[in-house]
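The values are calculated or read from the model by the stated rules, or taken from the named source; none is laboratory data. The structure displayed is predicted, hence computed values, not measured ones. Note that each Cβ is placed from the backbone with ideal geometry, even for glycine, and that neighbours are counted across all protein chains shown.
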Amino acid sequence: MRSAECGMRSTGRRGSGANVLFACHQEGVQPDFLCLAKGLTGGYLPMAATLTTRRVFDAFLGEYEEFKTFFHGHSYTANQLGASAALASLELLESRASQAARARLERVLREELRLLWRLPNVGDVRQVGLIAGVELVRDWRTREPFDLRERAGIRVCEAMARRGVLTRPIGNVVVLMPPYCTTPAQARRMITALAESVEEVFR
C-alpha cells in the first residue's frame, strides 16, 4: 500500500509542461490512498476527503448480508457549506488567472532563492513549484551539518519571525511554502528575511 500527502497544486508543472494536481504525480507515483483537507477549501472551512483506488473501494462493496461495509461515519459528513466552499475554491484554483499567478510566483521564488547560494551556511536550495527547502550547514564547502541540538533551523526561523515572516524548519532545513495569494514583492521580502536571518544567526 502506498499513501501520499497531496501538496495540492503546490508543485507546479512536470517536465512535460502538464499541470500537476498532486505532489506524488511529480514523481510518477500513484498511491492507494490520498488524503486531502485544507487544499479543498483553501482553509476557509473544514473539509477533508480520502481518495482510494477502485480495487480498495470494491473490497467494501457487497450485499447487506455480507457485512462488508466500512462502518465509519462522523457528524460532519457531506456538510453543504464546506462542500460549496470546496467547489468554489477548486474552480478558482483551476482558473487560467490562478495558474498564471502561481507560475509567476514560482519564477520569482526561483530567482530570489538563487541569492541564497552566496551564504556560507547554505548547503543546498531545493525547489519544486511553490515548495522550497533551504538546508543550513556548518560550512558549504564540506556540507557538514549542524548538530540538531544546536537548533540551527529553529534559531533562523525565530529570527525570520522577528522580521515578520513565519515559517518552520524540519531539522536544519528551513521550509518555504508561500500561499498562492503571495505577491512577488512579498516573496522577495520572504527571501530577504531568510538571508538576513541566516547572516544574523551564524555571523
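If you take just the strands (runs of 3 or more DSSP E) that sit entirely in the range 1-91, which of them hold at least 1 residues that are modelled with pLDDT of 70 or more and more than 15 Å from the chain's Cα centre (by Cα)?
On the way: elements: 3-5, 33-36, 49-52.
The qualifying strands (runs of 3 or more DSSP E) are 33-36, 49-52.
Here is a yes/no grid of residues against (1) among the polar types (S, T, N, Q); (2) without any contact (Cβ under 8 Å) to a residue 24 or more places away in the chain; (3) surrounded by 20 or more Cβ atoms within 10 Å (Cβ to Cβ); (4) touching a Phe, Trp or Tyr at 6+ places or on another chain (Cβ under 8 Å):
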| residue | (1), (2), (3), (4) |
| --- | --- |
| ARG126 | no, yes, no, no |
| LEU136 | no, no, yes, yes |
| PRO145 | no, no, no, no |
| ILE154 | no, yes, no, no |
| ALA159 | no, no, no, no |
| GLY171 | no, yes, no, no |
| ALA187 | no, no, yes, no |
| ILE191 | no, no, yes, no |
| LEU194 | no, no, yes, no |
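In the range 114-140, what residues are more than 21 Å from ILE154 (Cβ to Cβ) and in contact with a strand residue (DSSP E or B) (Cβ under 7 Å, 6 or more places away or on another chain)? Break it down stepwise before answering.
Initial filter on the range 114-140 (more than 21 Å from ILE154 (Cβ to Cβ)): 114-115, 117-118, 127-130.
Matches in the range 114-140: TRP117 only.
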Original post:
Among the residues of the range 87-97, is any of a type in the set (Gly, Ala, Ser), out of contact with any strand residue (DSSP E or B) (no Cβ under 8 Å at 6 or more places or on another chain) and more than 19 Å from THR183 (Cβ to Cβ)?
Top reply: yes
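Test GLY62 against the stated conditions and say whether it is over 21 Å from CYS35 (Cβ atoms) and either outside the structural domain of PHE22 (by TED's automatic domain parsing) or small (Gly, Ala, Ser) (or both).
Considered against the rule, which asks whether it is over 21 Å from CYS35 (Cβ atoms) and either outside the structural domain of PHE22 (by TED's automatic domain parsing) or small (Gly, Ala, Ser) (or both), GLY62 comes out as yes.
For MET177, state whether it is surrounded by 18 or more Cβ atoms within 10 Å (Cβ to Cβ), under 20 Å from the mean Cα position of the chain (by Cα) and touching a residue at least 12 places away in the same chain (Cβ under 8 Å). Can you show your working first?
Working: surrounded by 18 or more Cβ atoms within 10 Å (Cβ to Cβ): no; under 20 Å from the mean Cα position of the chain (by Cα): yes; touching a residue at least 12 places away in the same chain (Cβ under 8 Å): yes.
Considered against the rule, which asks whether it is surrounded by 18 or more Cβ atoms within 10 Å (Cβ to Cβ), under 20 Å from the mean Cα position of the chain (by Cα) and touching a residue at least 12 places away in the same chain (Cβ under 8 Å), MET177 comes out as no.
Which of the strands (runs of 3 or more DSSP E) found entirely inside the range 95-203 contain at least 1 residues meeting this: of a type in the set (D, E, K, R)? If you could, list the steps in order and put the result at the bottom.
On the way: elements: 122-128, 131-139, 168-170, 173-176.
Once the strands (runs of 3 or more DSSP E) in the range 95-203 are filtered for at least 1 residues that are of a type in the set (D, E, K, R), what remains is 122-128, 131-139, 168-170.
To keep it simple, each residue is scored yes or no on (1) in the same structural domain as LEU36 (by TED's automatic domain parsing); (2) among the basic types (Lys, Arg); (3) on the phi < 0 side of the Ramachandran plot.
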site	(1), (2), (3)
LEU87	yes, no, yes
ARG110	no, yes, yes
VAL125	no, no, yes
GLY153	no, no, yes
ALA161	no, no, yes
PRO169	no, no, yes
MET177	no, no, yes
VAL198	no, no, yes
